[in-house]
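The structure appears right after this line, and notes come after that.
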2 protein chains.
Amino acid sequence: MDNYEPIIKLLLEAVKGNISSIDKKEDTNEIPVGISNRHVHLSQADMNCLFGEGYQMTKIKDLSQPGQYACKETVTICGPKGAIEKVRILGPVRSKTQVEILAGDSFKLGVVPTVRLSGDLHGTPGITLVGPNGSVQITEGVIVAQRHIHMNCEDAKQLNVHDGQIVSIKVDGPRGGIYNNVVIRANDASALECHIDIEEANAMNINSLSKIKIIK
Amino acid sequence: MDNYEPIIKLLLEAVKGNISSIDKKEDTNEIPVGISNRHVHLSQADMNCLFGEGYQMTKIKDLSQPGQYACKETVTICGPKGAIEKVRILGPVRSKTQVEILAGDSFKLGVVPTVRLSGDLHGTPGITLVGPNGSVQITEGVIVAQRHIHMNCEDAKQLNVHDGQIVSIKVDGPRGGIYNNVVIRANDASALECHIDIEEANAMNINSLSKIKIIK
(Lines give C-alpha, C1' and ligand atoms only; values in the text may rest on other atoms or scores of the structure.)
Protein backbone atom coordinates (compact mmCIF):
# COMPACT_ATOMS: atom_id res chain seq x y z
CA MET A 1 0.00 0.00 0.00
CA ASP A 2 3.01 2.30 0.46
CA ASN A 3 3.19 2.66 -3.32
CA TYR A 4 0.01 4.70 -3.30
CA GLU A 5 1.47 7.49 -1.20
CA PRO A 6 3.27 9.46 -3.97
CA ILE A 7 0.22 9.05 -6.24
CA ILE A 8 -2.11 10.36 -3.55
CA LYS A 9 0.28 13.25 -2.91
CA LEU A 10 0.29 14.15 -6.61
CA LEU A 11 -3.50 13.88 -6.79
CA LEU A 12 -3.90 16.11 -3.71
CA GLU A 13 -1.61 18.72 -5.22
CA ALA A 14 -3.47 18.63 -8.51
CA VAL A 15 -6.80 19.10 -6.71
CA LYS A 16 -5.39 21.94 -4.59
CA GLY A 17 -4.07 23.60 -7.75
CA ASN A 18 -7.50 23.40 -9.36
CA ILE A 19 -9.22 24.83 -6.30
CA SER A 20 -6.84 27.77 -6.06
CA SER A 21 -7.17 28.56 -9.77
CA ILE A 22 -10.98 28.45 -9.47
CA ASP A 23 -10.77 30.81 -6.47
CA LYS A 24 -8.52 33.16 -8.39
CA LYS A 25 -10.84 33.20 -11.38
CA GLU A 26 -13.86 34.06 -9.23
CA ASP A 27 -11.93 36.78 -7.41
CA THR A 28 -11.15 38.67 -10.61
CA ASN A 29 -14.85 38.93 -11.47
CA GLU A 30 -16.27 39.63 -8.05
CA ILE A 31 -16.47 43.15 -6.71
CA PRO A 32 -16.87 44.13 -3.05
CA VAL A 33 -19.83 46.28 -2.05
CA GLY A 34 -19.98 49.48 -0.01
CA ILE A 35 -23.42 50.32 1.39
CA SER A 36 -24.21 53.99 2.06
CA ASN A 37 -26.70 55.47 4.45
CA ARG A 38 -27.83 59.08 4.02
CA HIS A 39 -24.94 61.50 4.56
CA VAL A 40 -23.70 65.03 3.96
CA HIS A 41 -20.54 66.47 2.36
CA LEU A 42 -20.02 70.08 3.50
CA SER A 43 -18.31 73.05 1.87
CA GLN A 44 -15.93 75.00 4.12
CA ALA A 45 -18.31 77.99 4.20
CA ASP A 46 -21.32 75.86 5.19
CA MET A 47 -19.25 74.05 7.81
CA ASN A 48 -18.30 77.41 9.32
CA CYS A 49 -21.99 78.42 9.52
CA LEU A 50 -23.17 75.12 11.01
CA PHE A 51 -20.32 74.45 13.46
CA GLY A 52 -18.56 77.82 13.90
CA GLU A 53 -15.57 79.51 12.26
CA GLY A 54 -12.40 77.40 12.50
CA TYR A 55 -14.23 74.29 13.77
CA GLN A 56 -12.30 71.05 13.22
CA MET A 57 -14.27 67.87 12.40
CA THR A 58 -13.43 64.73 14.38
CA LYS A 59 -12.63 61.75 12.14
CA ILE A 60 -14.09 58.52 13.55
CA LYS A 61 -13.51 56.11 10.67
CA ASP A 62 -11.62 55.94 7.39
CA LEU A 63 -13.81 54.89 4.45
CA SER A 64 -12.66 52.48 1.78
CA GLN A 65 -12.10 55.25 -0.78
CA PRO A 66 -8.64 56.74 -0.06
CA GLY A 67 -8.78 60.04 1.87
CA GLN A 68 -12.51 59.82 2.63
CA TYR A 69 -13.69 59.51 6.23
CA ALA A 70 -16.75 59.59 8.49
CA CYS A 71 -16.93 62.35 11.12
CA LYS A 72 -18.32 62.24 14.63
CA GLU A 73 -20.46 65.27 13.79
CA THR A 74 -24.01 65.09 12.41
CA VAL A 75 -26.59 67.64 11.23
CA THR A 76 -30.37 67.78 10.92
CA ILE A 77 -31.73 68.11 7.39
CA CYS A 78 -35.12 69.84 7.01
CA GLY A 79 -37.34 69.81 3.92
CA PRO A 80 -40.79 71.35 3.40
CA LYS A 81 -42.55 68.26 4.79
CA GLY A 82 -40.25 66.98 7.52
CA ALA A 83 -36.81 66.67 9.09
CA ILE A 84 -34.27 63.90 9.58
CA GLU A 85 -31.91 64.16 12.54
CA LYS A 86 -28.38 62.84 13.05
CA VAL A 87 -27.30 62.75 9.40
CA ARG A 88 -23.60 61.82 9.33
CA ILE A 89 -21.01 64.22 7.87
CA LEU A 90 -18.32 62.73 5.63
CA GLY A 91 -14.96 64.46 5.16
CA PRO A 92 -12.95 66.08 3.79
CA VAL A 93 -14.75 69.33 2.86
CA ARG A 94 -15.83 69.71 -0.76
CA SER A 95 -16.25 72.73 -3.05
CA LYS A 96 -20.07 72.43 -2.77
CA THR A 97 -22.30 71.01 -0.05
CA GLN A 98 -24.00 67.79 -1.15
CA VAL A 99 -26.75 65.94 0.74
CA GLU A 100 -27.17 62.28 -0.24
CA ILE A 101 -30.52 60.88 0.88
CA LEU A 102 -32.35 57.59 0.41
CA ALA A 103 -35.28 57.56 -2.01
CA GLY A 104 -37.50 56.83 1.00
CA ASP A 105 -36.23 59.97 2.76
CA SER A 106 -37.46 62.14 -0.11
CA PHE A 107 -41.09 61.47 0.87
CA LYS A 108 -40.47 62.35 4.51
CA LEU A 109 -38.54 65.51 3.63
CA GLY A 110 -40.86 66.55 0.80
CA VAL A 111 -38.22 66.85 -1.90
CA VAL A 112 -38.26 65.32 -5.39
CA PRO A 113 -35.96 62.25 -5.42
CA THR A 114 -33.31 63.05 -8.03
CA VAL A 115 -30.95 60.23 -8.99
CA ARG A 116 -27.53 61.71 -9.79
CA LEU A 117 -23.84 60.95 -9.60
CA SER A 118 -21.91 62.68 -6.83
CA GLY A 119 -20.94 66.21 -7.92
CA ASP A 120 -23.64 66.48 -10.61
CA LEU A 121 -25.83 68.89 -8.66
CA HIS A 122 -27.24 71.29 -11.28
CA GLY A 123 -31.03 71.52 -10.96
CA THR A 124 -31.26 69.24 -7.91
CA PRO A 125 -33.49 70.22 -4.95
CA GLY A 126 -32.30 72.42 -2.09
CA ILE A 127 -32.76 71.85 1.65
CA THR A 128 -32.04 73.39 5.04
CA LEU A 129 -29.21 72.00 7.20
CA VAL A 130 -29.13 72.70 10.93
CA GLY A 131 -26.02 72.40 13.11
CA PRO A 132 -25.09 73.44 16.66
CA ASN A 133 -23.94 76.91 15.52
CA GLY A 134 -26.68 77.81 13.02
CA SER A 135 -28.41 76.76 9.82
CA VAL A 136 -27.79 77.07 6.09
CA GLN A 137 -30.24 76.84 3.25
CA ILE A 138 -28.73 75.32 0.10
CA THR A 139 -30.54 76.01 -3.17
CA GLU A 140 -29.39 72.75 -4.75
CA GLY A 141 -27.39 69.70 -3.76
CA VAL A 142 -29.87 67.03 -2.59
CA ILE A 143 -29.39 63.81 -4.54
CA VAL A 144 -30.23 60.13 -4.41
CA ALA A 145 -26.86 58.65 -5.40
CA GLN A 146 -26.78 56.80 -8.70
CA ARG A 147 -25.26 53.37 -8.18
CA HIS A 148 -21.64 53.31 -9.29
CA ILE A 149 -18.45 51.29 -9.12
CA HIS A 150 -15.18 52.90 -8.05
CA MET A 151 -11.99 51.37 -9.38
CA ASN A 152 -8.48 52.28 -10.48
CA CYS A 153 -7.38 52.14 -14.12
CA GLU A 154 -5.73 48.74 -13.66
CA ASP A 155 -9.05 47.30 -12.36
CA ALA A 156 -10.87 48.87 -15.31
CA LYS A 157 -8.46 47.23 -17.74
CA GLN A 158 -8.85 43.86 -16.04
CA LEU A 159 -12.65 44.12 -15.95
CA ASN A 160 -12.70 45.43 -19.54
CA VAL A 161 -14.69 48.57 -18.73
CA HIS A 162 -13.90 52.30 -18.95
CA ASP A 163 -14.59 55.41 -16.91
CA GLY A 164 -18.16 56.64 -17.49
CA GLN A 165 -19.40 53.32 -18.92
CA ILE A 166 -22.88 52.21 -17.86
CA VAL A 167 -23.07 48.56 -16.82
CA SER A 168 -25.45 46.31 -14.89
CA ILE A 169 -24.61 44.38 -11.74
CA LYS A 170 -25.79 40.90 -10.87
CA VAL A 171 -26.58 39.81 -7.34
CA ASP A 172 -27.08 36.16 -6.37
CA GLY A 173 -29.14 34.72 -3.53
CA PRO A 174 -32.81 34.34 -2.59
CA ARG A 175 -33.50 38.03 -3.13
CA GLY A 176 -31.11 38.39 -6.06
CA GLY A 177 -31.47 40.19 -9.34
CA ILE A 178 -29.90 42.78 -11.60
CA TYR A 179 -29.48 46.52 -11.18
CA ASN A 180 -29.09 48.49 -14.40
CA ASN A 181 -27.51 51.92 -14.95
CA VAL A 182 -24.47 51.43 -12.75
CA VAL A 183 -21.75 53.94 -13.67
CA ILE A 184 -18.06 53.00 -13.82
CA ARG A 185 -15.90 55.62 -12.08
CA ALA A 186 -12.32 54.74 -12.88
CA ASN A 187 -9.37 56.83 -11.74
CA ASP A 188 -6.13 56.14 -9.94
CA ALA A 189 -7.33 57.63 -6.64
CA SER A 190 -10.05 54.97 -6.24
CA ALA A 191 -10.34 51.55 -4.62
CA LEU A 192 -12.44 48.81 -6.21
CA GLU A 193 -15.92 48.96 -4.65
CA CYS A 194 -19.52 49.05 -5.87
CA HIS A 195 -21.51 51.76 -4.08
CA ILE A 196 -25.21 51.28 -3.46
CA ASP A 197 -27.46 52.68 -0.74
CA ILE A 198 -29.21 50.90 2.13
CA GLU A 199 -32.51 50.53 0.28
CA GLU A 200 -30.78 49.02 -2.76
CA ALA A 201 -28.85 46.67 -0.45
CA ASN A 202 -31.93 45.57 1.52
CA ALA A 203 -34.03 45.02 -1.61
CA MET A 204 -31.57 42.34 -2.76
CA ASN A 205 -30.35 41.11 0.66
CA ILE A 206 -26.88 42.55 0.07
CA ASN A 207 -24.58 43.09 3.06
CA SER A 208 -21.04 44.37 3.45
CA LEU A 209 -19.66 40.86 2.80
CA SER A 210 -21.59 40.42 -0.46
CA LYS A 211 -19.87 40.40 -3.84
CA ILE A 212 -21.44 41.52 -7.10
CA LYS A 213 -20.55 40.83 -10.71
CA ILE A 214 -20.56 43.22 -13.66
CA ILE A 215 -22.68 42.23 -16.64
CA LYS A 216 -22.64 44.19 -19.88
CA MET B 1 -59.89 69.75 -51.60
CA ASP B 2 -63.24 68.34 -50.39
CA ASN B 3 -62.28 64.97 -51.92
CA TYR B 4 -59.61 64.52 -49.32
CA GLU B 5 -62.05 64.49 -46.43
CA PRO B 6 -63.16 60.83 -46.63
CA ILE B 7 -59.56 59.75 -47.18
CA ILE B 8 -58.39 61.69 -44.13
CA LYS B 9 -61.27 60.21 -42.15
CA LEU B 10 -60.26 56.70 -43.17
CA LEU B 11 -56.61 57.38 -42.37
CA LEU B 12 -57.54 58.76 -38.94
CA GLU B 13 -59.63 55.69 -38.16
CA ALA B 14 -56.83 53.39 -39.27
CA VAL B 15 -54.35 55.24 -37.05
CA LYS B 16 -56.77 55.17 -34.10
CA GLY B 17 -57.24 51.45 -34.61
CA ASN B 18 -53.49 50.88 -34.55
CA ILE B 19 -53.03 52.94 -31.41
CA SER B 20 -55.77 51.08 -29.55
CA SER B 21 -54.39 47.69 -30.58
CA ILE B 22 -50.88 48.73 -29.45
CA ASP B 23 -52.34 49.85 -26.11
CA LYS B 24 -54.12 46.55 -25.74
CA LYS B 25 -50.98 44.58 -26.53
CA GLU B 26 -48.94 46.44 -23.91
CA ASP B 27 -51.68 46.08 -21.32
CA THR B 28 -51.64 42.30 -21.53
CA ASN B 29 -47.94 42.19 -20.61
CA GLU B 30 -47.81 44.91 -18.00
CA ILE B 31 -48.70 44.23 -14.40
CA PRO B 32 -49.67 46.84 -11.80
CA VAL B 33 -47.63 47.10 -8.62
CA GLY B 34 -48.73 47.17 -4.97
CA ILE B 35 -46.13 48.52 -2.54
CA SER B 36 -46.27 47.28 1.07
CA ASN B 37 -44.96 48.97 4.17
CA ARG B 38 -44.43 46.94 7.35
CA HIS B 39 -47.75 45.59 8.69
CA VAL B 40 -49.34 43.01 10.98
CA HIS B 41 -52.01 40.36 10.44
CA LEU B 42 -53.52 39.31 13.81
CA SER B 43 -55.13 36.10 15.01
CA GLN B 44 -58.41 36.52 16.91
CA ALA B 45 -56.76 35.45 20.19
CA ASP B 46 -53.88 37.94 19.81
CA MET B 47 -56.32 40.70 18.83
CA ASN B 48 -58.29 40.02 22.02
CA CYS B 49 -55.09 40.35 24.10
CA LEU B 50 -53.89 43.51 22.39
CA PHE B 51 -57.20 45.39 22.06
CA GLY B 52 -59.56 43.68 24.50
CA GLU B 53 -62.14 40.90 24.23
CA GLY B 54 -64.75 41.60 21.57
CA TYR B 55 -62.92 44.63 20.14
CA GLN B 56 -63.96 45.53 16.58
CA MET B 57 -61.30 46.85 14.17
CA THR B 58 -62.12 49.98 12.16
CA LYS B 59 -61.64 49.53 8.43
CA ILE B 60 -60.13 52.64 6.83
CA LYS B 61 -59.32 51.40 3.33
CA ASP B 62 -59.99 48.41 1.11
CA LEU B 63 -56.85 46.91 -0.39
CA SER B 64 -56.63 45.73 -3.98
CA GLN B 65 -56.84 42.05 -3.01
CA PRO B 66 -60.55 41.22 -2.55
CA GLY B 67 -61.64 41.14 1.13
CA GLN B 68 -58.37 42.57 2.48
CA TYR B 69 -58.36 45.96 4.21
CA ALA B 70 -56.25 48.36 6.28
CA CYS B 71 -57.42 49.13 9.82
CA LYS B 72 -57.23 52.38 11.77
CA GLU B 73 -55.51 50.49 14.59
CA THR B 74 -51.75 50.08 14.94
CA VAL B 75 -49.43 48.23 17.35
CA THR B 76 -45.84 48.60 18.53
CA ILE B 77 -43.51 45.74 17.63
CA CYS B 78 -40.56 45.14 19.97
CA GLY B 79 -37.51 42.99 19.26
CA PRO B 80 -34.41 42.38 21.41
CA LYS B 81 -32.64 45.46 20.00
CA GLY B 82 -35.42 48.00 19.43
CA ALA B 83 -39.06 48.82 18.81
CA ILE B 84 -41.09 50.21 15.92
CA GLU B 85 -44.26 52.12 16.72
CA LYS B 86 -47.47 52.59 14.73
CA VAL B 87 -47.29 49.40 12.67
CA ARG B 88 -50.54 49.12 10.69
CA ILE B 89 -52.92 46.20 11.20
CA LEU B 90 -54.45 44.62 8.10
CA GLY B 91 -57.73 42.72 8.26
CA PRO B 92 -59.47 40.35 8.37
CA VAL B 93 -58.10 38.21 11.22
CA ARG B 94 -55.99 35.18 10.24
CA SER B 95 -55.42 31.78 11.86
CA LYS B 96 -51.91 32.86 12.95
CA THR B 97 -50.44 36.28 13.70
CA GLN B 98 -47.92 37.37 11.04
CA VAL B 99 -45.63 40.41 11.23
CA GLU B 100 -44.27 41.59 7.87
CA ILE B 101 -41.26 43.85 8.27
CA LEU B 102 -38.81 45.52 5.91
CA ALA B 103 -35.30 44.06 5.71
CA GLY B 104 -34.06 47.36 7.18
CA ASP B 105 -36.38 46.94 10.18
CA SER B 106 -34.71 43.65 11.09
CA PHE B 107 -31.50 45.47 12.13
CA LYS B 108 -33.41 47.95 14.29
CA LEU B 109 -35.49 45.20 15.92
CA GLY B 110 -32.63 42.73 16.24
CA VAL B 111 -34.29 39.84 14.41
CA VAL B 112 -32.86 37.75 11.59
CA PRO B 113 -34.44 38.89 8.29
CA THR B 114 -36.22 35.82 6.94
CA VAL B 115 -37.60 36.06 3.40
CA ARG B 116 -40.79 34.01 3.18
CA LEU B 117 -44.15 33.88 1.47
CA SER B 118 -47.15 34.92 3.55
CA GLY B 119 -48.33 31.98 5.69
CA ASP B 120 -45.00 30.09 5.56
CA LEU B 121 -44.01 30.87 9.14
CA HIS B 122 -42.29 27.70 10.40
CA GLY B 123 -38.93 28.55 11.95
CA THR B 124 -39.27 32.32 11.49
CA PRO B 125 -38.32 34.68 14.36
CA GLY B 126 -40.75 35.70 17.10
CA ILE B 127 -41.41 39.19 18.45
CA THR B 128 -43.43 41.08 21.07
CA LEU B 129 -46.49 43.08 19.99
CA VAL B 130 -47.88 45.81 22.24
CA GLY B 131 -51.41 47.21 21.98
CA PRO B 132 -53.60 49.43 24.17
CA ASN B 133 -54.93 46.46 26.19
CA GLY B 134 -51.73 44.43 26.68
CA SER B 135 -48.93 42.63 24.89
CA VAL B 136 -48.38 39.25 23.27
CA GLN B 137 -45.16 37.45 22.57
CA ILE B 138 -45.28 35.35 19.40
CA THR B 139 -42.68 32.59 19.08
CA GLU B 140 -42.65 32.76 15.28
CA GLY B 141 -44.28 34.83 12.55
CA VAL B 142 -41.87 37.64 11.62
CA ILE B 143 -41.12 37.62 7.90
CA VAL B 144 -39.71 39.80 5.16
CA ALA B 145 -42.26 39.12 2.42
CA GLN B 146 -40.94 37.33 -0.64
CA ARG B 147 -41.90 39.28 -3.75
CA HIS B 148 -44.91 37.73 -5.45
CA ILE B 149 -47.57 38.34 -8.08
CA HIS B 150 -51.24 37.79 -7.27
CA MET B 151 -53.49 36.89 -10.18
CA ASN B 152 -56.58 34.88 -11.03
CA CYS B 153 -56.43 31.72 -13.13
CA GLU B 154 -57.49 33.57 -16.28
CA ASP B 155 -54.56 36.01 -15.84
CA ALA B 156 -52.21 33.06 -15.29
CA LYS B 157 -53.39 31.47 -18.53
CA GLN B 158 -52.95 34.72 -20.44
CA LEU B 159 -49.47 35.34 -18.97
CA ASN B 160 -48.54 31.68 -19.50
CA VAL B 161 -47.53 31.06 -15.88
CA HIS B 162 -48.86 28.81 -13.13
CA ASP B 163 -49.43 28.99 -9.38
CA GLY B 164 -46.14 28.52 -7.50
CA GLN B 165 -43.93 29.29 -10.51
CA ILE B 166 -40.83 31.40 -9.85
CA VAL B 167 -40.32 34.21 -12.36
CA SER B 168 -38.31 37.42 -12.63
CA ILE B 169 -39.75 40.90 -13.05
CA LYS B 170 -38.30 43.66 -15.18
CA VAL B 171 -38.48 47.31 -14.24
CA ASP B 172 -37.66 50.10 -16.70
CA GLY B 173 -36.38 53.59 -15.96
CA PRO B 174 -33.19 55.25 -14.69
CA ARG B 175 -33.06 53.00 -11.62
CA GLY B 176 -34.41 49.95 -13.41
CA GLY B 177 -33.35 46.33 -13.28
CA ILE B 178 -34.58 42.82 -12.66
CA TYR B 179 -35.78 41.14 -9.48
CA ASN B 180 -35.47 37.34 -9.40
CA ASN B 181 -37.39 34.82 -7.30
CA VAL B 182 -40.84 36.35 -7.68
CA VAL B 183 -43.53 33.77 -6.88
CA ILE B 184 -46.75 33.47 -8.91
CA ARG B 185 -49.78 33.15 -6.62
CA ALA B 186 -52.70 32.29 -8.84
CA ASN B 187 -56.20 31.61 -7.52
CA ASP B 188 -59.64 32.89 -8.31
CA ALA B 189 -59.86 35.06 -5.19
CA SER B 190 -56.97 37.29 -6.36
CA ALA B 191 -56.59 40.46 -8.39
CA LEU B 192 -53.62 40.97 -10.74
CA GLU B 193 -50.92 42.80 -8.79
CA CYS B 194 -47.20 42.42 -8.14
CA HIS B 195 -46.42 42.85 -4.43
CA ILE B 196 -43.08 44.31 -3.38
CA ASP B 197 -42.11 46.24 -0.27
CA ILE B 198 -41.06 49.88 0.10
CA GLU B 199 -37.34 49.14 0.01
CA GLU B 200 -37.71 47.09 -3.17
CA ALA B 201 -39.81 49.88 -4.69
CA ASN B 202 -37.36 52.66 -3.74
CA ALA B 203 -34.33 50.71 -4.94
CA MET B 204 -35.77 50.70 -8.48
CA ASN B 205 -37.76 53.98 -8.35
CA ILE B 206 -41.06 52.11 -8.53
CA ASN B 207 -44.24 53.90 -7.45
CA SER B 208 -47.90 52.90 -7.33
CA LEU B 209 -48.33 53.93 -10.98
CA SER B 210 -45.42 51.81 -12.21
CA LYS B 211 -45.93 48.68 -14.30
CA ILE B 212 -43.65 45.68 -14.36
CA LYS B 213 -43.20 42.86 -16.84
CA ILE B 214 -42.69 39.17 -16.18
CA ILE B 215 -39.60 37.59 -17.68
CA LYS B 216 -38.93 33.86 -17.52
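Some notes on this structure:
- Taking 7 Å steps out from each Cα toward its Cβ at residue A:95 and residue B:45 produces label points 6.7 nm apart.
- Amide H partners (placed H, <5 Å) of residue B:69, local residues excluded: B:63, B:91
- Distance from the stretch B:132-201 to the stretch B:74-96 (C-alpha centre basis), Å: 20 Å
- Protein heavy-atom surface of the stretch A:57-162, 1.4 angstrom probe: 51% of the accessible area is carbon and sulfur, with nucleic acids and ligands not counted.
- Less than 5 angstrom separates the built amide H of residue B:146 from those of B:116, B:117, B:118, all sequence-distant by 5 or more or on a different chain.
- Reduction of at least 20 Å² in accessible surface, 1.4 Å probe, comparing all protein chains with the chain by itself, residues of the stretch B:100-120: B:103, B:115
- Close amide-amide hydrogen proximity is noted between residue A:97 and A:43, each under 5 Å apart and 5 or more residues distant or on a separate chain (H modeled in the peptide plane; Pro and chain starts excluded).
- When the residues B:38, B:147 are ordered by accessible surface, computed with a 1.4 Å probe over the protein chains alone, the sequence from largest down reads B:38, B:147.
- Each of A:107, A:51 has its accessible area taken with a 1.4 Å probe; listed largest first, they run A:107, A:51.
- Per residue, the protein assembly as shown exposes 53 Å² of accessible surface when a 1.4 Å probe is rolled over the protein heavy atoms with every protein chain present.
- Rounded to the nearest 20, the Cβ-based charge dipole of the stretch B:147-215 about its Cα centre (Lys and Arg +1, Asp and Glu -1) stands at 240 debye.
- Stretching residue B:69 away from residue B:139 to a fully extended chain increases their span by 22.7 nm, per 0.36 nm per residue minus the current alpha-carbon distance.
- Interface area, A with B, accessible, probe 1.4 Å, both sides summed, Å² nearest 100: 1800 Å²
- Burial annotation for the stretch B:176-216: residues with an accessible-area loss of at least 30 Å² between the isolated chain and the complete set of protein chains, computed on heavy atoms with a 1.4 Å probe, are B:176, B:178, B:180, B:181, B:199, B:202, B:203, B:205.
- GNM result for chain B, Cα springs below 10 Å: residue of B:43, B:168, B:95 fluctuating most strongly: B:95
- Cut-off 16 Å, label 7 Å out along Cα→Cβ of residue A:115, residues of the stretch A:183-209 by amide N: A:183-184, A:195-204
- Each residue, residue A:29 and residue B:30, gets one label point 7 Å from its Cα in the Cβ direction; the gap between the two is 3.5 nm.
- The calculated FRET efficiency for residue A:76 paired with residue A:216, based on their beta-carbon distance and R0 = 45 Å, is about 0.60.
- When residue A:62 is represented by a point 7 angstrom out along its Cα-to-C-beta vector, the spacings to that point in the other copies are 6.1 nm, nearest first.
- Tensor-based shape of the protein assembly as shown (alpha-carbon gyration tensor, a/c under 1.5 rounded, otherwise prolate or oblate): rounded
- Shape of the stretch A:32-116, Cα gyration tensor, a/c cut at 1.5: oblate
- For the stretch B:62-216, the alpha carbon convex hull comes to 125 Å³ per residue, rounded to a whole number.
The values are calculated or read from the model by the stated rules, or taken from the named source; none is laboratory data. Bear in mind that the values here come from a model prediction, so they are computed numbers and not experimental data. Here the Cβ is made from the backbone with ideal geometry for all residues, glycine too, and neighbour counts use every protein chain on show. Accessible surface is based on the protein model in full, side chains and every heavy atom, while ligands, DNA and RNA are left aside. Shrake-Rupley method; radii C 1.70, N 1.55, O 1.52, S 1.80 Å.
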